[in-house]
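So the structure is just underneath, and the comments pick up after that.
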Amino acid sequence: MDFNLSREHQLIRKMMADFTENEVKPIAAETDKETKYPRENIEKLFDLGVMGLCVPKEYGGAGADPLASAICIEELSKQCASTGDIVATHNGLCCDPILTHGTEEQKKKYLPMLTTGHKVGAFCLTEPNAGSDASKGQTEAKLEGDHYVMNGSKIFITNGYVADVFVVFAMTDKSKGTKGISAFIVESSFPGFSVGKHEEKMGLHGSPTAEIVFTDCIVPKENLLGREGKGFSIAMQTLDGGRIGIAAQALGIAEGALAEAKEYTKGRVQFGKPISKFQNTQFTFADMELGCEAGRLLTYQAAVMKGQGVRYTKEAAMAKLFCSEHAMKTTTKALQMFGGYGYTKDYPMERMMRDAKITEIYEGTSEVQRIVISANMGL
Amino acid sequence: MKVIVSIKQVPDTSGKVAVNPDGTLNRASMQTITNPDDMNALEAALKVKDATGCKVIVVTMGPAPAAGMLREALAMGADEAVLVSAREFGGSDTYATSQILAAAINKIGVEKDDIVMCGRQAIDGDTAQVRPQIAEKLGLPQVTYAADIKKDGDTVTVQRMLEDGYMTIKVQTPCLLTCIKELNNPRYMSIGGILGAYEKPLDTFDYEALKDDPLIDASTIGLKGSPTNIFKSFTPPQKGVGVMLEGSGKETCEELANILVSKHII
């Protein structure tokens, strides 16, 4: 067992750390304050091959593995969880299902768009009455000749108002329950596609979240992803991979908060010495560091297993659950170390704490992760 | 046509500078980076490659770990790399280093259309001597302080940035240019570039590989071939904290004048 990153993974981390320091960090506060999609940086990430990095070269990607993707999301999220989220969604929830379940024609058409074509991807599963219970979706797609007619709406869609390509789940046979759900590739230019309400969120302000509405939306028959009735299985499989991305994002947030707090407490003098010298601070740091290390091992393990093609459902859920809860704990404790300053917008701690919260909720709440883990324990 | 880029691994001076008891730099304990001006030279070479499809070869002299820096240059888009490394080359000053690098560039081969690009100077020694010496030893015309480079056929038009203005020079290839940070913003390594970096050729030129070049002689390379002797290097004592006078009015000027008077400066 070798715990060292490969030479390539080390270089990817170095490149992403440089990019994050030079390009992401300087605009992270402004991105949050102005609820501004970091378009220029996303364009640069396309140029660098980070967007869609696991897509094979023949379809325009770099042919990297899931571990490389996790490292990129982790590094970006150290300074800006919104940027990490945009990349995680694009890579894990749009490129990945098309690559895994798409026909050759679909891969040839859509994967180059999502890599060299600089088109952003999104994933539409959640509905107002179908959150954790995704099987209760109401969006329908009816086959009429050479196309499906899609009706319904999806909420909380990451990249919603900037994306061009959407992986959408809709009922093709309501009588069959989850076996009646199918997956589709939908372009924002299709007739009947529209963007609804832009969500105002507690955190992740740079990540554009919106409602997506389908009104007699015409989806060509050849845009069915996988077979009819396989949508639920495609969604669950996609979310397994997506959870590695969220684990990496949460890990990055925790590591970023830890680094900020270390720097601050070394310089903040109270009662005659830097507060980093107090045992209470040091013990808190020890717990933060321990959690980051454990979270990193869980996340990288799940990513490597995905790359090896073995089942990793439980491992991805464990990584996501552990890292998201650790991100929440770490940002809360790190903010506390900053005292009153941490509560102000002059420091990044309050942003990091707001951003961390969502990682315990989306792509399966912590409660859902516990369901997934225990369901895979032979109980 | 090709561009040969000479780059150097230097201590990262943004971290702590460590000095050995004998006064030399403790390089082993310091983080290393690619010399910043050399990154500008590499970016300039890659821009020529983007425009013309030419080959870019990076070359460095240094210990074995410098290969890591060369891989980073390959991940940015260079095509081939050469590590010049041998015990005999150790301890070389700027004169001896330029002998060895010129021999290495000779071995790579400089043809009619080629350009050799380098950074102006390295942040460790700050001499700015090695690259002009390489040009002299290769018999190439050289243009230093390049802030803009335009290649047109077998001529290169270079805008030199000087202290008091710009100077534009047209030079025939093959030639050697030294680049400054104003020239460009170096690109990042790309994911695809990183994944391909270890597949690209990286040659090592040791003493055996270069010994037949007339520039390589026991009296012109390594510590023995170096006319420079360093007596001592040290970290200068830190200056005291200055006094900042706020404001721009007459009162501030008077305050400043009083301080200068009290110190018998005026």
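Side notes on the structure shown:
- Residue check, B:ALA78 of a type in the set (Gly, Ala, Ser) and either free of Cβ contacts under 8 Å to residues at least 24 places away in the same chain or assigned to a helix (DSSP H, G or I) (or both): no
- Within the range B:155-181, restricting attention to residues that are outside any strand (DSSP E or B) and surrounded by 13 or more Cβ atoms within 10 Å (Cβ to Cβ), the residue that is farthest from the other protein chains (Cβ to nearest Cβ) is B:PRO174.
Here's the yes/no breakdown for (1) touching a residue at least 12 places away in the same chain (Cβ under 8 Å); (2) more than 12 Å from chain B (Cβ to nearest Cβ); (3) acidic (Asp, Glu); (4) under 30 Å from A:LEU225 (Cα atoms):
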{"position": "A:ALA29", "(1), (2), (3), (4)": "yes, yes, no, no"}
{"position": "A:LYS44", "(1), (2), (3), (4)": "yes, no, no, yes"}
{"position": "A:ALA70", "(1), (2), (3), (4)": "yes, yes, no, yes"}
{"position": "A:ASP85", "(1), (2), (3), (4)": "yes, yes, yes, yes"}
{"position": "A:ASN91", "(1), (2), (3), (4)": "yes, no, no, yes"}
{"position": "A:LEU111", "(1), (2), (3), (4)": "yes, yes, no, yes"}
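- Residue satisfying all of: in the range A:47-68; without any contact (Cβ under 8 Å) to a residue 12 or more places away in the chain and at the interface with chain B (Cβ under 10 Å from one of its Cβ atoms); farthest from A:ASN4 (Cα to Cα) among these: A:ASP47
- Within the option set B:LYS200, B:LYS151, being touching a strand residue (DSSP E or B) at 6+ places or on another chain (Cβ under 8 Å), surrounded by 14 or more Cβ atoms within 10 Å (Cβ to Cβ), within 14 Å of chain A (Cβ to nearest Cβ) and under 18 Å from B:VAL3 (Cβ atoms) holds for one residue only, B:LYS200.
- Residue match in the range A:48-69 (condition: modelled with pLDDT of 95 or more, more than 20 Å from A:GLY307 (Cα to Cα) and under 18 Å from the mean Cα position of the chain (by Cα)): no
Here's the yes/no breakdown for (1) in contact with a Leu (Cβ under 7 Å, 6 or more places away or on another chain); (2) of a type in the set (Val, Ile, Thr); (3) not in a loop (DSSP other than H, G, I, E, B):
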site: A:SER135; (1), (2), (3): no, no, yes
site: A:LYS142; (1), (2), (3): no, no, yes
site: A:VAL149; (1), (2), (3): no, yes, yes
site: A:VAL162; (1), (2), (3): no, yes, no
site: A:PHE169; (1), (2), (3): yes, no, yes
site: A:SER175; (1), (2), (3): no, no, yes
site: A:THR178; (1), (2), (3): no, yes, yes
site: A:ALA183; (1), (2), (3): yes, no, yes
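- Residue list for the range B:246-266, restricted to those being among the aliphatic types (A, V, I, L, M) and within 44 Å of the chain's Cα centre (by Cα): B:LEU256, B:ALA257, B:ILE259, B:LEU260, B:ILE265, B:ILE266
- Meets criteria (assigned to a loop (DSSP other than H, G, I, E, B) and at positive phi) for B:ALA128: yes
The values are calculated or read from the model by the stated rules, or taken from the named source; none is laboratory data. Just so you know, these numbers come straight off a predicted model, no measurement behind them. Don't worry about glycine lacking a Cβ; one is built from the backbone with ideal geometry, like all the others, and counts go over all protein chains shown.
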